[in-house]
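First up is the structure itself, then whatever we jot down about it.
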Amino acid sequence: MDNLNTVDQNADLPPQLDFERDDVLDVIPLMRVLQAQGPVRKVRTPFGSEAWVVTHHQTIRDLVTDERIGRTHPDPESAARIFAAALGGPIGSFDDEQMKRAHLRMRRFLAGMFSPGRMRALYPMIEARTSTLLDNLEAAGSPGDLHELVSWPLPVLVICDLLGVPDLEIETFSELSEAALDMANWAGAASAWQELTDYMAGLVDRKRGAPADDVLSLLIAEQATSDLTDDELVQMATGLLAGGFETTVARIDLGTVLLVTNPDAAGAIRADPGLVVGAVEEVLRLAVPGGGALPRYAQADIEIGGVTIARGDAVVFDANTANRDPAVFPDPDRFDITRAPNPHLSFGYGPSSCIGSALGRVELQVVFTLLLQRFPDLGLAVPVSELAVRPNTLLGGLSALPVTW
Ligand code: HEM
């Protein structure tokens, strides 16, 4: 990385973006420098292309909701690439109204599946799943890997409950999900994704004959009164997995690290479990899973923050750094479980913000409550500096989280 003190936007070359971090609890150091310089700054991506990075909270909100920003590009082959992962570039060509319409449709169908009532109904199931995983951790003995035994399996189990995957098939489903998102093995990931899609299509067929109280059955019921196709239905179901798996795993891991390194906060939650709600918001604000953010592309020239983003330029919204924007969050690096308001951008913002945010919140609230209750002496088995971010992933997260109790 360039010497941070000499980052100069007037120099011939913009600074080189590097996603490596020494501290899993901190943002990328270059991003802080860029944030102090202005809301929108130009960088070179690890692939040598140029891109704009947005680190100011308000500017991200303005641009995310701006019609002139999208995920498509006029010439996808020549577009700047930001990340190694498949989603590290554009997803099609400009002006793809059809794609936008399909996206809106998908959101309309899914929104009802995540109603507060449905989330409340899932609560006891999430508690039971979490308790069993904590039993497994305890049985494995201290020190144990919380990532492997709790954070990694829980979100898939919850998605299985949400979709209505039969218990006996959960293991197969979990293995396929893991393989499908393995960025270190592209060919394996693609074939696992296909298998998962086929599995889901088969499950939909079976549910059609025997509906139950789950999201797949609800979507099937929607088909009676709408033109929702089978393909769309299966795509939505697998989309929930893509959206709700590694995102949640990373927040369980990093939230645990934040809680055990802030013992006063952990003690306060043990004494007053209601505080977990604010703690989860603060975990969401401060957890920096690494990996990257989905790149966007300017669909027209945009004047903003003293620069001109030209049509076709890549734009990266760095929500992690914006979550520490001192203009919005006083004492931004402080882990303050009573912080209010806490308008973090960890679930995105605007038209493609997270559909599963209510579920993600419930999962985190349950896990941290039970974890802190069950293990009063919970601590890290290694220093924070030895925790490593998973390589080759879009969404990052830790590769292991050894804990003692
Ligand atoms: C703490 C956990 C989670 C975090 C931090 C998170 C974060 C996000 C973010 C930032 C986006 C927006 C991406 C963008 O704008 O490009 C998103 C979208 C999405 N998330 Fe989540 N998510 C979490 C949990 C979940 C869960 C549990 C589910 C469902 C089971 C889910 C389903 C989705 C879906 C379907 C989208 C796509 C929405 C769209 O394209 O309109 N997420 N999530």
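The values are calculated or read from the model by the stated rules, or taken from the named source; none is laboratory data. Because the structure is predicted, anything quoted here is derived from the model rather than measured. Cβ: placed from backbone, ideal geometry, glycine included. Neighbour counts: every protein chain shown. These accessible areas exclude ligands, DNA and RNA; they are computed on the full protein's heavy atoms, side chains included. Shrake-Rupley method; radii C 1.70, N 1.55, O 1.52, S 1.80 Å.
With a Förster radius of 56 Å applied to the beta-carbon distance between residue 169 and residue 13, the computed FRET efficiency rounds to 0.60. For region 4-404, the dipole from Cβ point charges (+1 on Lys and Arg, -1 on Asp and Glu) about the Cα centre works out to 860 debye, to the nearest 20. Structure remark: mean-square fluctuation, Gaussian network model of the chain, C-alpha springs under 10 Å; the largest value among 360, 350, 306 belongs to 306. Note on residue 115 and residue 382: the model spin-label points, each 7 Å out from Cα along the C-beta direction, lie 4.6 nm apart. The relative contact order of region 87-230, computed from alpha carbon pairs under 8 Å that lie at least 6 residues apart in sequence, is 17 percent. Taking all protein chains into account, the per residue accessible area for region 4-404 stands at 43 Å² (1.4 Å probe). Compared with the direct C-alpha span, the chain from residue 399 to residue 97 gains 104.8 nm at full extension, assuming 0.36 nm per residue. Between residue 58 and residue 225, the C-beta separation translates, for a Förster distance of 56 Å, into a calculated FRET efficiency of about 0.85. Largest GNM mean-square fluctuation across 143, 376, 273, computed for the chain with C-alpha springs under 10 Å, falls on 376. Gain on full extension, evaluated as 0.36 nm per residue between residue 142 and residue 264 minus their Cα-Cα distance, stands at 41.7 nm.
Taking every eigenvalue of the Cα gyration tensor of region 4-404, multiplying by 5 and rooting it, what semi-axes result, largest first, whole Å?
33, 29, 19
In the chain, the DSSP beta bridges split such that about 75 percent are antiparallel, to the nearest 5. Ordering 348, 365, 295 by Cα displacement along the dipole of region 291-384 toward the positive end leaves 365 in first place; charges were set at the Cβ atoms of Lys, Arg (+1) and Asp, Glu (-1). Solvent-accessible area of residue 78, all protein chains in place: 80 Å² (probe radius 1.4 Å, heavy atoms, ligands and nucleic acids excluded). The share of accessible area on region 337-401 that comes from carbon and sulfur is 55 percent, using a 1.4 angstrom probe.
Within region 193-227, list the residues whose amide N lies under 15 Å from a label point set 7 Å along Cα→Cβ of residue 106. It comes to 197, nothing else. Among 18, 198, the order of accessible area from largest down is 198, 18, computed with a 1.4 Å probe on protein heavy atoms. When all protein chains stay in place and ligands, DNA and RNA are ignored, the 1.4 Å accessible-area order of 374, 44, 101, largest first, is 101, 374, 44. Once region 166-323 is represented by equal point scatterers at the alpha-carbon sites, with solvent omitted, what log10 I(q)/I(0) does the Debye formula produce at q = 0.11, 0.12 Å⁻¹? Debye intensities relative to I(0), on a log10 scale: -0.74, -0.85. Label separation (residue 37 vs residue 190): 3.8 nm, computed from points 7 Å beyond Cα along the C-beta direction. Per-residue SASA remark: residue 345, around 10 Å² accessible (1.4 Å probe; ligands, DNA and RNA not included).
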